[in-house]
Amino acid sequence: MDEIKGKCKNPNCQAHITGKCYEHKDSLDLCPNWTAKSATTKTKKRKSNTVFTIAWTGDAIAPDTLNIISQRSNPTIIASVGNVEAGKTSYFAMLYLLLLSGHKLEDYQFAGSLTLTAWDRLADKLRYNKGTVEFPAPTPSNPDYYHLLHLALKKGSKLHDIVLADASGEVFKLWADNKDDENAENARWIHKNASAFLLFIDCEALETKKAIARAEILDIASRLVEDLGKRPVAIVWSKADRISHVHDKLKEQIKERLKDIFQNSYSEFEVTNYPNIDPEELCHENNLKTLNWLLNHTTQPSNVVPELEITNKDDIFLNYR
Amino acid sequence: MEQNTSIIIIGQPGTSKTTYLSQLVLQVEGKKKAIKFRNKPDDLSVLKDAIAQLRSGQEVQATPSDNNEIIKLPLSIDGNEVDLICPDYAGEQISNLLESREIDVKWIDLIVNSNAWIIFVRPTQLTVSYDISTKSIQEAEAVKQPSDAEFQISDQSNLIELLQILRHYKKLTVQQETKVLKLLVTFTCWDELDGKDTPLEYIQKQLPLFYEYIANNWNKDSFSFAGLSAQGGKIAEVKENYEIFGPEESAYIVEQNGGDNLFDLSLLITKVL
């Protein structure tokens, strides 16, 4: 892929990597948030042949760049699935914030990441940068938008490369309605390749939209279970500080249906991004507990991750380990 | 012939690299410590101004950002032949490495040939940020957060990325814990902190993910932490001592578990041998 020179004001936008506009403009030049960057200085430096570009960018990766991880191990892909604004992206943002502030996964230790900038961009949305917290904007609904985040974790001395995959709630809705929908390619890729899933149930949506929200959740759950095999599902009751406002009957119906759908290969967790005290179970503990549970119940990574064939073993840029 | 041990010092601009190197040169020239030059360094002119400033009781001025010279001190410590190399005198290339993600081939050579890394981190340069997991909006407002700050990668992510890049070019794998290549993270301008925490407690409390990254990539005997006050305190407080005893007598190290101030700058080097 040609290098894209420029910067977008929207911190969620990956246009500098993907070339695709977050606002769905036909060209990046038409987007008011995009500033094209002059390449003069860099070009001049490169002419001297003494400056090299580092092999990874720190930004989120996509399936076609997964090889930077898969050349050293077969990564475990964990996907978040759920409706629009169910808290999928905020869950990842909080996960990294918690790791930054010293909270830990019970059984896994942090050993690095090739997407640190992307993690920080997400976490930054939950910081009080502008006197308030913005929360991550809804994930773009382009069918070819991928936002894969990497964590290198160790359990004992064994390395586990984890890739967390995110796609928009709109895409999952299309996929739930029609699994062959032409605009749900990323949802299909995630469903096919992920080794484990986080299925988000938005307590706030259940509180306000009631049966409509319940139907949307169960539609996605029913689609997710197809060809699921033994892949575990963590049911995440998000915005759980509102769960007491969800009608008991709705909760009961959802729980019963989930049991029918997923049988024994799932577990339920309640999470929130609004802690009242520190530590608070819903925020500081359950976010990490959810991932820890999934990792412990994931048997083996999917085998379909694209591999990069390395012909030159001495190539320093292809030799990331 | 056996190669000398090559130690590189790396730190962002303003992390006290110049002051440390200048004070070290003064200590070596003072001949009071078990450290000496194997031969006269090729070029100490880049430290000349800084040494003169220290001798006249002044703070060392910031190094111009366009100064890309490499400082190399050929040392002998307790019989060990050591090359102490500061590849990025001004610290600008570190910023470049992390922002534009470009690396000079000279750096790659130095990394490949290095045996130990000393990373300078100045705690008072680190950004304190408040987030939804740790503070309420009222608490955050009370400490006046920047009103319209542009996104900047966090200090911890930056430090982890720096080590990831160095490890990548040194071909150290995540799968295998690193034993041979030693790492020392040095917290500089240590006198600027309140002194309640030891260097080890400081990193565990203030930079916990950076600590976890190190502990899961290096063997427990191959990484350590230290505090460094190359200036020895605020210049107004140490000025008289500078004039009477010489500036190098005020500079000190704090071991990772605390204890007395140790007025021997070569200890940073012996820690990674």
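What the table below lists for this structure:
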{"quantity": "Which numbered condition residue B:158 misses (of (1) touching a helix residue (DSSP H, G or I) at 6+ places or on another chain (Cβ under 8 Å); (2) within 30 Å of residue B:43 (Cβ to Cβ); (3) modelled with pLDDT of 80 or more; (4) not hydroxyl-bearing (Ser, Thr, Tyr))", "calculated": "(2)"}
{"quantity": "Hey, residue A:241 on the phi < 0 side of the Ramachandran plot, among the acidic types (Asp, Glu), surrounded by fewer than 17 Cβ atoms within 10 Å (Cβ to Cβ) and outside any loop (DSSP other than H, G, I, E, B) or not", "calculated": "no"}
{"quantity": "Matching residues in the range B:81-121 - criterion: being among the hydroxyl-bearing types (Ser, Thr, Tyr) and without any contact (Cβ under 8 Å) to a residue 60 or more places away in the chain", "calculated": "B:100"}
{"quantity": "Residue among B:112, B:105, B:121, B:82 that is modelled with pLDDT of 85 or more, of a type outside the set (S, T, N, Q), surrounded by fewer than 17 Cβ atoms within 10 Å (Cβ to Cβ) and in contact with a strand residue (DSSP E or B) (Cβ under 8 Å, 6 or more places away or on another chain)", "calculated": "B:105"}
{"quantity": "Test: residue in the range A:148-168 that is in contact with a Leu (Cβ under 9 Å, 6 or more places away or on another chain), more than 9 Å from chain B (Cβ to nearest Cβ) and at pLDDT below 90", "calculated": "yes"}
{"quantity": "Unmet requirement for residue A:121, which otherwise passes all of (1) within 12 Å of chain B (Cβ to nearest Cβ); (2) in contact (Cβ under 8 Å) with a residue 12 or more places away in the chain; (3) not in a helix (DSSP H, G or I)", "calculated": "(3)"}
{"quantity": "Among the candidates B:257, B:261, residue that is out of contact with any helix residue (DSSP H, G or I) (no Cβ under 7 Å at 6 or more places or on another chain) and free of Cβ contacts under 8 Å to residues at least 60 places away in the same chain", "calculated": "B:261"}
{"quantity": "Matching entry among B:198, B:270 (being surrounded by fewer than 22 Cβ atoms within 10 Å (Cβ to Cβ), in contact with a strand residue (DSSP E or B) (Cβ under 7 Å, 6 or more places away or on another chain), touching a residue at least 60 places away in the same chain (Cβ under 8 Å) and over 30 Å from residue A:159 (Cβ atoms))", "calculated": "B:270"}
{"quantity": "Strands (runs of 3 or more DSSP E) fully within the range B:39-127 counting 3 or more residues that are more than 15 Å from residue B:5 (Cα to Cα) and within 14 Å of chain A (Cβ to nearest Cβ)", "calculated": "B:102-104"}
{"quantity": "Filter result for residue B:178 (over 19 Å from the mean Cα position of the chain (by Cα), of a type in the set (Ser, Thr, Tyr) and more than 9 Å from chain A (Cβ to nearest Cβ))", "calculated": "yes"}
{"quantity": "Residue in the range A:246-262 that is crowded, with 20+ Cβ neighbours inside 10 Å, out of contact with any Phe, Trp or Tyr (no Cβ under 6 Å at 6 or more places or on another chain) and at pLDDT below 95 present", "calculated": "yes"}
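The values are calculated or read from the model by the stated rules, or taken from the named source; none is laboratory data. Note that this is a predicted model, so its numbers are computed, not measured. All Cβ positions, even for glycine, are placed from backbone atoms using ideal geometry, and neighbour counts span all protein chains on display.
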